[in-house]
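Please read the structure below before turning to the comments.
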Amino acid sequence: MGNNRLETLKRWIATQIHRSGRQIALALVAALVVVGAGWWVAWSQQPVTISFLVRAVEAQQLQILADEFEAEHPNIKIDMVEGPNAADNVENLYTTSFLLGDSPYDLVYSDVVWIPKFAAAGWLMDLSDRVSESELAQFLDADVAAGQYQGGLYRMPFRTAMGMLYYRTDLLEQLGMDAPDTFTDLIEASQAIQEQTDVPWGYVWQGLQYEGLVTNFVEIVAGYGGFWIDPETLDVGLDQPEAVQAVEFMRDVITEEISPAGVTNYLEEDSLRVFENGNAAFLRNWPYVWAEANKEDSPVQGNIALKPMVHAPNQDAAACLGGWGFGIAKSTPHPEEAWEVVQFFTSRRGQKQFALEHAYVPSRRDLFTDPDILAKFPHYEQLLEVAAATVPRPPVGQYAQLSDILQRYLSSALTDQMTPEAAMQRAAGESRRVLGTISRQSS
């Protein structure tokens, strides 16, 4: 009932008190109380709306789970706000909303690398007291770790992702070659395929100056036995020999024309198109590629396999950890309803349905061997092998600044504006200044 209507009703009651006496007026007041109580009950029974921002393409895919949740929880509505498809831009929108101090979002649908920044800023609730250790043990260890920051848990895993190497089985069989294990193997197999078949490119990947370039570097530097930033000590490894070797490999596959020169402008979709059209033998990308490359109209359908990324001799393969999950905004007025949404989406049932519908990779360990999933996606058992080799990007609060530094200098090296060694020395120095360790670790 609006304020104007209430004021009118009160004036009318006052008039009746004057005209009719106390007894009638009391009856009218009682009626007003009943009407007001009914209005309050009706208002309090309105559904609570839980809102979060998500990339436009995934908002459409998540709608099936949102519809099911609302059917089972009539007291809660889900409002998925469609944002840009670039994850970096979505992060910026979340950040802006929190900085303004009046964020409309109850949940944060978060990439793995956002958690240190958002948790350090105090924008997320600690979920530690809402989930037991036995429940967390059902998820992949790396996915759980990616949601933790300084002893707290700020993100529940929903879907995981990891970088991997896809390859053409038919081309390797034609040349009598095995799938490559080392960087040298990859180069030799690529050159042989380029020389002896009509496939123009050996290896495609993501070389544009954006976060995808960083994920490629993370896998390659780990494959050489190096590191970017040690989150425990904050030591920077970019100017160490292993990191320089990693950049030299990335540059060499371009200069030796194993990768096209245009790879320095490639996003994930660009590299996928080259591979699925039959124009490359090897592709570094994410799990979603399997379903895309095996579509009925794909020239490479049925002729691809996957494995962990190549590495240096006597070193281990590394798969950069990706993936998304749900955090609860500390500013939400509806934390209990928000938690119900998180529980539903991250449940075994929710993850299984999303995997079967859209071929995303679940973060629950037992779903990799679920009979229904394997019947549709038999390669999931191989994905579990890749998942065992995951490495995270450094979980530090200054991650966004550090990633920007690395992107800029990697791009400078790959486009021959700087030598790999000079680029990594500059990147290391700037990174130490951001971390405040410039005087502790020499460049």
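The values are calculated or read from the model by the stated rules, or taken from the named source; none is laboratory data. All figures in this text were calculated on a predicted structure; none of them were measured in a lab. All Cβ positions, even for glycine, are placed from backbone atoms using ideal geometry, and neighbour counts span all protein chains on display. What goes into the accessible areas is simple: the full protein's heavy atoms, side chains included, and nothing from ligands, DNA or RNA. Shrake-Rupley method; radii C 1.70, N 1.55, O 1.52, S 1.80 Å.
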Practice prompt. Give LEU234, LEU208 a once-over and let me know the one that is more than 22 Å from the chain's Cα centre (by Cα) and either open to solvent by less than 30 Å² (accessible area, probe 1.4 Å) or in contact (Cβ under 8 Å) with a residue 12 or more places away in the chain (or both).
Written response: LEU234
Worksheet, complete the sentence: Considering segment 114-157, residues that are at pLDDT 95 or above and hydroxyl-bearing (Ser, Thr, Tyr), and then whichever is nearest to LEU93 (Cα to Cα), we arrive at TYR154
Worksheet item: Only one of (1) open to solvent by 60 Å² or more (accessible area, probe 1.4 Å); (2) farther than 29 Å from ALA119 by Cβ; (3) at pLDDT below 95 is not met by ASP372, so which one is it?
Response: (3)
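Yes or no, residue by residue, for (1) touching a residue at least 24 places away in the same chain (Cβ under 8 Å); (2) open to solvent by less than 10 Å² (accessible area, probe 1.4 Å); (3) within 14 Å of ARG284 (Cβ to Cβ):
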residue: GLN191; (1), (2), (3): yes, no, no
residue: ASP198; (1), (2), (3): no, no, no
residue: TYR203; (1), (2), (3): yes, yes, yes
residue: VAL214; (1), (2), (3): yes, yes, yes
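Inside segment 117-185, counting only helices (runs of 4 or more DSSP H) that do not spill past its ends, which hold 3 or more residues that are more than 16 Å from ALA319 (Cα to Cα) and open to solvent by less than 40 Å² (accessible area, probe 1.4 Å)?
Because the criterion is at least 3 residues that are more than 16 Å from ALA319 (Cα to Cα) and open to solvent by less than 40 Å² (accessible area, probe 1.4 Å), the helices (runs of 4 or more DSSP H) in segment 117-185 that meet it are 169-175.
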Fill in: Single residue of GLN407, GLN425, GLN401 found to be among the polar types (S, T, N, Q), more than 26 Å from the chain's Cα centre (by Cα) and either in a helix (DSSP H, G or I) or surrounded by fewer than 21 Cβ atoms within 10 Å (Cβ to Cβ) (or both)
GLN425
Worksheet, complete the sentence: Only one of HIS358, HIS311 is within 18 Å of ALA161 (Cα to Cα), open to solvent by 30 Å² or more (accessible area, probe 1.4 Å), touching a helix residue (DSSP H, G or I) at 6+ places or on another chain (Cβ under 6 Å) and in contact (Cβ under 8 Å) with a residue 40 or more places away in the chain, namely HIS358
Practice prompt. Please work out if VAL204 is touching a Lys or Arg at 6+ places or on another chain (Cβ under 8 Å), farther than 26 Å from ALA87 by Cβ and β-branched (Val, Ile, Thr).
Written response: no
